[in-house]
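*Asks:* The structure is given below, and queries will be raised subsequently.
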Amino acid sequence: MPSIVYPTTTLLTPTESQLHPDVRMTPTPEFHLSRWLFLRLLAFVYLLAFASLAPQVVGLIGREGLLPVDQFLDRAHEFYNADAYLLLPTLLWFSPSSNALLMLCWSGVLLSLLALVGGAPTLTFAVLWAVYLSLTVAGQTFLSFQWDVLLLEVGLLACLYAPLGWWPRLSSERRPPPLLRWLIWVLAFKVTFLSGVTKLVSGDDTWRALTALMFHYETQPIPAWTSWFAHHMPDWIQMASVLTMFVIELVVPFAALAPIRFRRVRAGACALMCLLQVGIGLTGNYGFFNLLTIVLYLALLDDRHISGILLASIAERPRAIRSGRPEPRSWRILVLGAGSTILLMTTLSLWHEMTYTRPHPEWSNRLIGYVQPFRSINGYGLFRTMTTERPEIVVEGSSDGVTWTEYAFRSKPGNVDRRPGFVQPHMPRLDWLMWFAALDPLSHQHWLATLVDHLLDGTPAVRDLLDEDPFPNAPPRFVRLALYQYHFTTPDEKAETGNWWRRELRSYLTDPISHR
């Protein structure tokens, strides 16, 4: 009987070679490079998030902002007493000043840079999480978006997933904890699967009829110029795109839970889910959400996949498992306990979101309530119902009550001839909230009224949130809010007028308001 000659790169244990003499063994996938890349990309997302928020934070929640954090915390303390510290965990309890807000933002930038170069990763990511949690709590409705809480959830896992040490080296890092790796994969599954299943559970007719994208590109919060072209694609392409999206969101995520030996299955799932996020990012503005989700998906790849992405100088470093002393026993117990708790709460949040239209047992609501203040174990459901119209609030000012001039926002639709632009990964938070306010002005009147007051007073921090000031010499005497209906122009209309939008006045939300 002829002998079997195996390639020199094939690794076989004696037992396996005896049991399966005709099978070439595949090395067990490792995740040293995978973790290295994941943590640095996450640090980059943190950097973008803090750098984007820093120039806005004073105008949004500073002492002369739209929703001052000091007043918010004072009211919370009056209502909840000492429980407010647990319900609203933020470092700004020590000092809710505008300078403290800026200090947190720029500290986040510096810590992100430290995490990028790998300095004290466990401690650095823990502090990053605490700082962003503090700002998210203080930000109230301006920092209540799903990517804000997703960054906190990913960041919490990174605290436990990161290697120990002050300056750990890739060549000597211990093997990443398998439990934490699986928790990251479960989160990738949860974010994607819930995005699909909640669209169906909501009962929204446009998703079920596959017509949602016929409205989405025009009615999304901050369209880009590519949205205009996507809106005018044939109906069959729009419907096929929705069907493809459902396949990627409802079927493909299960590959993220495949055993580690099915590396090609995970890689294929990663590619498809990343492709969906790229498509979303190319036709709209969603801050750092698309990039953050892609970072989460890339954690599905093992070292052999990652080595094809990284520079050769990094990918060729030794990746052997450290053979020295194991992680401290106390740390292993902490990881096991925290990881098991997170897995339980993640499963519970997944169930709650999938059944959000039905009541849940009191015990599950109580468990979710215990972790809710930390905003780090969440349910997700982007665009579970599709908006089919685009109302827009237009802010107008006047010095005499006769001639009215429109305030221009930096990113949201305004003048019909202005081309929609790309602003991501920057997150213009006032512009986003203006979209929600137009859909339901009464629910947002508390800060809309404050916006009007600050424009009448000419408050610099608030004025800086908008585009060029139409009243540079003195604030207007009157301000009013008008509600318009916006539509993309047709190709013929655009060819004739050059406009990207057409609009019709629906009503005035306020009479002219004046402080004088």
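*Asks:* Mean separation of Cα pairs under 8 Å and 6+ residues apart, divided by the residue count of the chain: what relative contact order is that in percent? Can you show the working numbers first?
*Replies:* Working: 775 pairs, mean separation 96.1, N = 516.
It rounds to 19 percent for the chain.
*Asks:* I need the phi-derived Karplus couplings for the range 481-498: 6.51 cos²θ - 1.76 cosθ + 1.60, θ = phi - 60°, integer Hz, Gly and Pro marked x.
*Replies:* 10, 10, 10, 10, 9, 9, 9, 5, 5, 7, x, 5, 5, 5, 5, 7, 10, x
*Asks:* Would you mind telling me the share, in percent, of accessible area of the range 32-173 contributed by carbon and sulfur at probe 1.4 angstrom?
*Replies:* On the way: 3520 of 5200 Å².
Taking all protein chains in place, the range 32-173 shows 68 percent carbon and sulfur surface.
*Asks:* Another one. Roughly speaking, what is the stretch gain from F229 to R63, that is 0.36 nm per residue apart minus the C-alpha to C-alpha distance, in nm to one decimal? Intermediate results must be reported in sequence, preceding the final value.
*Replies:* Numbers: separation 166, 0.36 × 166 = 59.76 nm, distance 4.21 nm.
That pair, F229 and R63, stretches by 55.6 nm at full extension.
*Asks:* Would you kindly find the accessible area of L156, with a 1.4 Å probe and non-protein molecules such as ligands, DNA and RNA excluded, rounding to the nearest 10 Å²?
*Replies:* So the heavy atoms of L156 present about 40 Å² to solvent.
*Asks:* Still on this structure: Bin width 20 Å, origin at 0, all Cα-Cα pairs of the chain: what percent of pairs per bin?
*Replies:* Using 20 Å bins, I get a P(r) of 20, 50, 25, 5, 1, 0 for the chain.
*Asks:* Could you order the peptides 66-76, 34-44 from most to least packed, using the average number of other C-beta atoms within 10 Å per residue?
*Replies:* On the way: 66-76: 18.1, 34-44: 22.2.
The packing order, highest mean first, is 34-44, 66-76.
*Asks:* At 7 Å along Cα-to-Cβ for each site, give me the label-to-label distance between I237 and W106 in nm.
*Replies:* Going by the 7 Å Cα→Cβ label model, 4.7 nm.
*Asks:* State the extension gain, in nm to one decimal, for the chain segment bounded by E493 and S172, taking 0.36 nm per residue of separation less the distance between their alpha-carbons.
*Replies:* Values: separation 321, 0.36 × 321 = 115.56 nm, distance 6.32 nm.
Once the chain is fully extended between E493 and S172, it gains 109.2 nm.
*Asks:* Along the range 190-195, what does the Karplus equation 6.51 cos²θ - 1.76 cosθ + 1.60 (θ = phi - 60°) give for ³J(HN,Hα), rounded to whole Hz, x for Gly and Pro?
*Replies:* 4, 4, 6, 5, 5, 4
*Asks:* I'd like to know which of L73, S507, Y486 lies farthest towards the positive end of the charge dipole of the chain, counting +1 on Cβ of Lys and Arg and -1 on Cβ of Asp and Glu.
*Replies:* Value: L73.
*Asks:* Could you run the Karplus curve 6.51 cos²θ - 1.76 cosθ + 1.60 with θ = phi - 60° over the range 368-381 and give me ³J(HN,Hα) per residue in whole Hz, x for Gly and Pro?
*Replies:* 4, x, 5, 9, 4, x, 8, 6, 10, 9, 10, x, 9, x
*Asks:* Let me ask you something else. Would you calculate a helix-derived [θ] at 222 nm for the chain, using -39,500 (n - 2.57) for each DSSP H run of n ≥ 4 and dividing by the full residue count, to the nearest 500? Can you show the working numbers first?
*Replies:* Working: 23 runs with 270 residues, N = 516.
Roughly -16000 deg cm²/dmol at 222 nm, from the helical runs in the chain.
*Asks:* I've got another one for you. Would you mind getting me the FRET efficiency between W93 and E389? Use the beta-carbon distance for r and R0 = 56 Å, nearest 0.05.
*Replies:* Once the sixth-power term is evaluated, E becomes 0.85.
*Asks:* Write down the accessible area per residue of the chain in Å², having rolled a 1.4 Å probe over the full set of protein chains. Mind showing how you got there, number by number?
*Replies:* On the way: 23850 Å² over 516 residues.
It amounts to 46 Å² per residue over the chain.
*Asks:* Find the relative contact order for the range 138-273 and round it to a whole percent, using C-alpha pairs within less than 8 Å whose residues are 6+ positions apart. Could you put the intermediate results ahead of the total?
*Replies:* Details: 88 pairs, mean separation 31.2, N = 136.
After rounding, I find 23 percent.
*Asks:* How would the range 362-516 be classified by its alpha-carbon gyration tensor: rounded, prolate or oblate, with rounded meaning a/c under 1.5 and the a/b versus b/c comparison settling the rest?
*Replies:* Numbers: a/c = 2.09, a/b = 1.36, b/c = 1.53.
Note, shape of the range 362-516 comes out oblate.
*Asks:* For K494, go through the aspartates and glutamates and keep the ones whose alpha-carbon is under 17 Å away, minus same-chain ones fewer than eight residues off.
*Replies:* E218, D417, E504
*Asks:* Using alpha-carbon pairs under 8 Å, 6+ residues apart, how would you state the relative contact order of the range 405-516 in percent?
*Replies:* On the way: 127 pairs, mean separation 33.3, N = 112.
Across the range 405-516, relative contact order equals 30 percent.
*Asks:* Between N415 and D464, what is the label-to-label distance in nm when each label sits 7 Å out along the Cα-to-Cβ direction?
*Replies:* 2.4 nm
*Asks:* Tell me the carbon and sulfur percent of the accessible area for the range 451-516, rounded to whole percent, probe radius 1.4 Å.
*Replies:* Details: 1610 of 3560 Å².
Using a 1.4 Å probe with all protein chains present, the range 451-516 comes out at 45 percent carbon and sulfur.
*Asks:* Between S144 and D400, 0.36 nm times their residue separation minus their Cα-Cα distance comes to what? Mind showing how you got there, number by number?
*Replies:* Details: separation 256, 0.36 × 256 = 92.16 nm, distance 3.81 nm.
Here the answer is 88.4 nm.
*Asks:* Another question about this same structure. When ranked by the protection proxy of mean other Cβ atoms within 10 Å per residue, highest first, what sequence do the peptides 173-179, 431-437 form?
*Replies:* On the way: 173-179: 17.3, 431-437: 20.3.
Packing order, densest peptide first, comes out as 431-437, 173-179.
*Asks:* Another question, then. What lysines does K190 reach when the alpha-carbon gap must be under 26 Å and sequence neighbours fewer than 8 apart in one chain are set aside?
*Replies:* K199
The values are calculated or read from the model by the stated rules, or taken from the named source; none is laboratory data. All of these numbers come straight from a predicted model, not from anything done at the bench. Methodologically, a virtual Cβ is constructed for each residue, glycine included, from the backbone with ideal geometry; neighbour enumeration extends over all protein chains shown. Note: areas computed on protein heavy atoms with side chains; ligands, DNA, RNA excluded. Shrake-Rupley method; radii C 1.70, N 1.55, O 1.52, S 1.80 Å.
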